[in-house]
Amino acid sequence: MLKINCLIILSALLLPGLSLAQQTKNHYSVSGTIKDKATGETLPGATVSFLQLSGVGVSANSYGFYSVSIPEGSYTLVATYTGYRTDTLHINLKGNLQHNINLEAASGQLKEVKISSSSSSRSGNVLTAPPGVQKLTVNDIKNVPVLLGEKDILKTIQLLPGIVAAGDGKAGFSVRGGDADQNLILLDEATVYNASHLLGFFSVFNSDAIKDIQIYKAGMPADYGGRLSSVEDIHMNDGNNQKFGANGGIGLIASRLTVEGPLFDHKGSFTVSGRRTYVDLFTGLASDTTIKKTKIYFYDINLKGNYQVDKNDRVFLSGYFGKDYLQLKQDNGIDYGNSTGTLRWNHIFNNSLFSNTSLIYNNFNYNTHFQSSTNNITVGSAITDYHLKQDFNYYLNSTNKLDIGLESIYHVTQPGAATTSQTSNYNSVVLQKKYSLESAVYVSHEWTATDKLKLTYGLRISDLAVLGPGNFYTYDPNGNTLSNTYYSGGKVVKSYINPEPRIALNYQLDDSSAVKLSYDRNVQNIHLLNNSSATSPTNVYLPSTNVVKPEIADQVSMGYYRTFHQNGIEFSSEIYYKSLQNQIDYKNGANLVGNENIEADLLFGTGRAYGWETYLKKKYGKLTGWVSYTLSKAERKIPGINNSTYYPSSQDQTHHLSIVGMYQASKKWTFSADFVYSTGTPVTYPNGKLSVDGSPVYAYGDRNSQRLSAYNRLDLGATLYVKKTRKIESSWNFSIYNVYGQSNPYTIIFQTDPNNMNKTQVQQTSLFKMVPSVTYNFKF
Amino acid sequence: MKNIRAFLILVSLIIAFSSCTKTITPPLNNTPQLVIEGAVSDTTGPYHVNISKTADFYSDNVYPTVSGATVVITDMTANVTDVLTEASAGDYLTHTITGTPGHAYQLKVMLDGKTYTAMSTIPKPVSLDSVTVDFSVNNNFRPVANYQDPADQKNYYKYSMKRNGVHVHHFQTFDDRLSGGRYIRDKLDCDTGTFHHGDLVKVDLVGLDAGAFNFLKEAEAVAYDNANLAAPATPTSNITGGCIGYFSAQTVSSKTTVVK
């Protein structure tokens, strides 16, 4: 009930804006779905505009649906999408028109199709996109060289401005100074809690199964929420509904296979992708016993099917299952994995009202095993979400669009459970599960006020209800338990309601330049606890509780955008300032494993981040690529740490530069290169040593007062297209990661010098010095 | 088949050798700080309190001693006070005081007009059953401490080892937070190749109170696992007044074995 009331109030708030959208002449809508002609894949973000109407343009939603209402008349409809041939159609609009558009993929190098259009606001380019948004398709990344030849959409976005990797072999990435757990990574709307395979060397997203990724660093649309820093909205391919096909690759580390095809007489389609590494198959052959006893593998499977029930209804079912298994020397092992499932129903009520209903399940769990003759322990933790989401897109007229929706997620987290053998040193322990209900309602109004001014504003109201059953504690500042109250199942222990205003403004200065401004507030209720810098996924997800408050971020972002050479070159420059509340840190010696009173070991503080990002991209021609540079600062203030003053947070990187270039030398050969440079991240180093029980122990100064050495790396790649016929396509991909063998720090250890027990030394370990690889890809 | 095998081995090698380790020397400024380490135990005295300063990271493991302090240990339960004597530079010895389980002890150090104090209580003794040796890893034989953890109380432990009468520079802590009442068989960490066949191993099971344990647990993490700490920090002292170190009133139970 509360939600419905909220919706009504929200709608009322937005009415003043809507009243400006009075219709004067007979208006009719043009609507439909935009698809790839050959495969039937929907093309989200493809745009529709009209030669005769400047300033009118609409982009397809994430299901490829578009709708626009224009005055009656005769028009040339223009449908465009990057990497596709532009399609035009003459229409004589005398009534509502439903028209599905099929676009043909452009083969060969990308060339901008020039249309002599008076329309200054052809959508789909940097000028009209909302601020802080970036989109990459799998096609965009296929030539970017990557580690061991596994093309990886989540690794490639780390070459974009404002998005930085945690370092070689480290999981996670930081967006505009945020923590790794502050990124909302969605796969077909399902939250992926741990997006890394093999301790972060690869992401869990098999690029063969992925259509595209949309990244929001600022100006988050109101339908997204739950994380402070960014949204990575990843869509899986729907599957070819025209013909059966298979594609895959054989690489040094992993092989992939995808099968897709039509179902139910082309009314539906399916796709199944699988990937598995096989290092473990070789390690058994090694003579070195350490390598021999090491067992490392991961696999993942992506499944998707869809069915067009009738003209107005389409259902989708998609799923992901992945698992990592790492065992070192038979004693210790880790296994972890995500599974997600999404059931969606698209319904077109009428030409202007589109609805999507999603039922989503996702789960992440990890288990750590310790084994010895007497000691067998398995420690596990998990988070499971049951998620319902309802979205409406209401296309009022050519200048007004309304998005309304609500969602509710029931989180069940198991912060830790240990099972032990009888002779183990440890007792079996099961921490109480934590239950919470995270709900939100939102309204967002996209208003094209004039030819030049577009305004998107909205409000999201989120609520986290901390639910029983369970014991809930309160603590004094020293972490001593003050009270302990038991709440029975379903009882609301605490509720946090937060309004999250979002506003984004886009003003076109002229045909080739624009300024944008955005403000948004985001609230985060699921917190990842991890006080280890190790890349272990053994960390605890904790929902907000009576003690842990929701994290809140407010961000203001501003930018200037310009295109050159008919959109062939894009330039953008953005500045941002972010203020963060209720950030989590840890007391010295905090116990995160098996600790019922984990909250007593936490500290809470504030943070701020600001920076300047600039980006230059060449989109067409033989040479394509981009240069991205970020100057930024990210700081924290936690009571008790560094005299309670601001200090650089662990992901602070002053300078970050990436250069990506791809050169199509001939029909057969494409060469590519990328270069990355960034300032070393802050670390805490000893400022002296003392003796404890005769052993050297280190004393430390201020937190994060030193920095690692700067990170830099050059990767090279080449792709050879062997065969390109209508039936079969195959290619070889060669790459070298870290060509000049730069030793970038992975870990720094302070230890006793093994050659002189009376001395201490600093050891730096680096990963991946010059890793060559070759992958064979095929498609038929 | 042969080719495949060669290929597979090549791949394994690429992965195994693509990581590398080197010694680096980042600038580490040393700010000398006062360090106090002292203990009273239920074994015969005299007991030591050592006062020193932290050393520069790159210098030898020799710590500048601090002389001229007034050091007093008081048995608060029995009301006995012992003023320690500086036997050698920075090494202060007790005379009369004895360690009794259940008694609380106070350490007071006066130096350059400042006073540093700490309280610690000797816990109920836990005795070590036996020491055995784990041979599961070649050339890294590890002593195993076997004992029953009492179920009715919180217990905090430290292990220390001697090889042929010589102190092994490696300490380790353990507590029964997740092990209350268990029979403990704890493998003790030491550098590879520390123990050989025929060595005499002596293990001390030291029972601590919470304050001393917290310092030692954090010290252990900093000494042996600093690469995995997101935010390493100086271990939290149980001595007030602004110094590093700890004062522990403790029990000691020892057992020996020969590495066969």
Task: Sole residue being surrounded by fewer than 19 Cβ atoms within 10 Å (Cβ to Cβ), in contact with a strand residue (DSSP E or B) (Cβ under 8 Å, 6 or more places away or on another chain), of a type in the set (Lys, Arg) and away from every other protein chain (no Cβ under 14 Å), chosen from A:633, A:619, A:578, A:587 - done: A:633
TODO: Looking only at the range B:136-169, count how many residues are of a type outside the set (A, V, I, L, M, F, W, C), part of a loop (DSSP other than H, G, I, E, B) and in contact with a Phe, Trp or Tyr (Cβ under 8 Å, 6 or more places away or on another chain).
DONE: 1
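So for the range A:501-523 (the condition being within 30 Å of residue A:337 (Cβ to Cβ) and in the same structural domain as residue A:704 (by TED's automatic domain parsing)), does at least one residue qualify?
Within the range A:501-523, one or more residues are within 30 Å of residue A:337 (Cβ to Cβ) and in the same structural domain as residue A:704 (by TED's automatic domain parsing).
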Task: Answer residue from the range A:260-271, given it is surrounded by fewer than 18 Cβ atoms within 10 Å (Cβ to Cβ) and of a type in the set (A, V, I, L, M, F, W, C) and is nearest to the chain's Cα centre (by Cα) among those - done: A:263
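On the given criteria, is residue A:462 assigned by TED's automatic domain parsing to the domain that holds residue A:547, surrounded by fewer than 20 Cβ atoms within 10 Å (Cβ to Cβ) and among the hydroxyl-bearing types (Ser, Thr, Tyr)?
no
Conditions (1) crowded, with 20+ Cβ neighbours inside 10 Å; (2) closer than 30 Å to residue A:731 by Cβ; (3) out of contact with any Gly (no Cβ under 6 Å at 6 or more places or on another chain), marked per residue:
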{"position": "A:627", "(1), (2), (3)": "no, yes, yes"}
{"position": "A:662", "(1), (2), (3)": "yes, yes, no"}
{"position": "A:669", "(1), (2), (3)": "no, yes, yes"}
{"position": "A:676", "(1), (2), (3)": "yes, yes, yes"}
{"position": "A:686", "(1), (2), (3)": "yes, no, yes"}
{"position": "A:697", "(1), (2), (3)": "yes, no, yes"}
{"position": "A:702", "(1), (2), (3)": "no, no, yes"}
Task: Residues (farther than 21 Å from residue A:688 by Cα and loosely packed, with under 15 Cβ neighbours inside 10 Å) located in the range B:47-75 - done: B:68, B:70
TODO: Go through the residues of the range A:764-779 one by one and say whether even a single one is touching a helix residue (DSSP H, G or I) at 6+ places or on another chain (Cβ under 7 Å), more than 19 Å from residue B:21 (Cα to Cα), buried (at least 17 other Cβ atoms within 10 Å of the Cβ) and among the hydroxyl-bearing types (Ser, Thr, Tyr).
DONE: yes
Task: Scope the range A:752-763; condition of a type outside the set (A, V, I, L, M) and either crowded, with 19+ Cβ neighbours inside 10 Å or more than 8 Å from chain B (Cβ to nearest Cβ) (or both); matching residues - done: A:752, A:753, A:755, A:756, A:760
Task: Count of residues meeting criterion [of a type in the set (Ser, Thr, Tyr) and crowded, with 20+ Cβ neighbours inside 10 Å] in the range B:180-205 - done: 1
Open item on the list: Report every pair of residues separated by at least 6 positions or lying on different chains whose Cβ atoms are under 7 Å apart, first residue within the range B:169-189 and more than 7 Å from chain A (Cβ to nearest Cβ), second aromatic (Phe, Trp, Tyr).
Closed with: B:172/B:159; B:173/B:157; B:173/B:213; B:174/B:157; B:175/B:156; B:175/B:157; B:175/B:213; B:188/B:159
Open item on the list: Which count do you get for residues in the range A:244-274 that are among the charged types (D, E, K, R), part of a strand (DSSP E or B) and farther than 18 Å from residue A:731 by Cα?
Closed with: 1
- [ ] Scan (1) more than 14 Å from chain B (Cβ to nearest Cβ); (2) under 20 Å from the mean Cα position of the chain (by Cα) for the single condition residue A:528 breaks and write down its number.
- [x] (1)
Open item on the list: Filter the range A:383-398 down to the residues that are crowded, with 20+ Cβ neighbours inside 10 Å and either farther than 16 Å from residue A:65 by Cα or modelled with pLDDT of 95 or more (or both) and list them by number.
Closed with: A:383, A:385, A:387
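Output the residue which, of all residues in the range A:51-67 that are in a strand (DSSP E or B) and at pLDDT 85 or above, is farthest from the chain's Cα centre (by Cα).
My answer is A:67.
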Open item on the list: Looking only at the range A:730-750, how many residues end up being assigned to a strand (DSSP E or B), more than 8 Å from every other protein chain (Cβ to nearest Cβ) and surrounded by 16 or more Cβ atoms within 10 Å (Cβ to Cβ)?
Closed with: 8
TODO: Return the only residue of A:158, A:182, A:214 being within 13 Å of the chain's Cα centre (by Cα), within 30 Å of residue A:445 (Cβ to Cβ) and surrounded by fewer than 23 Cβ atoms within 10 Å (Cβ to Cβ).
DONE: A:214
TODO: Looking only at the range A:666-700, count how many residues are within 7 Å of chain B (Cβ to nearest Cβ) and outside any strand (DSSP E or B).
DONE: 4
Open item on the list: Against the conditions (1) more than 13 Å from chain B (Cβ to nearest Cβ); (2) farther than 21 Å from residue A:664 by Cβ, where does residue A:722 fall short? Just the number, please.
Closed with: (2)
- [ ] Name the strands (runs of 3 or more DSSP E) wholly inside the range B:170-228 in which the number of residues that are more than 11 Å from the chain's Cα centre (by Cα) and under 15 Å from residue B:144 (Cβ atoms) is 2 or more.
- [x] B:183-187, B:200-208
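Does residue A:712 satisfy the criteria of being outside any loop (DSSP other than H, G, I, E, B) and free of Cβ contacts under 8 Å to residues at least 40 places away in the same chain?
Answer is yes for this residue.
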- [ ] Please state which one of B:117, B:132 is part of a strand (DSSP E or B), at pLDDT 95 or above and under 21 Å from the mean Cα position of the chain (by Cα).
- [x] B:117
Open item on the list: Checking the structure you have, find out if any residue of the range A:332-354 is modelled with pLDDT of 90 or more, among the hydrophobic types (A, V, I, L, M, F, W, C), in contact with a His (Cβ under 8 Å, 6 or more places away or on another chain) and part of a strand (DSSP E or B).
Closed with: yes
TODO: Out of A:237, A:247, A:241, A:194, report the one residue that is crowded, with 22+ Cβ neighbours inside 10 Å and in contact with a Lys or Arg (Cβ under 7 Å, 6 or more places away or on another chain).
DONE: A:237
- [ ] Could you run through the range A:481-504 and say how many residues are over 29 Å from residue A:402 (Cα atoms) and of a type in the set (Gly, Ala, Ser)?
- [x] 4
Task: Considering residues of the range B:114-172 that are basic (Lys, Arg) and touching a Lys or Arg at 6+ places or on another chain (Cβ under 6 Å) only, the residue surrounded by the most Cβ atoms within 10 Å (Cβ to Cβ) - done: B:142
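The values are calculated or read from the model by the stated rules, or taken from the named source; none is laboratory data. These numbers were taken from a predicted model, which means no experiment stands behind them. A quick note on method: Cβ atoms are made from the backbone with ideal geometry, for glycine too, and the neighbour counts reach across all protein chains shown.
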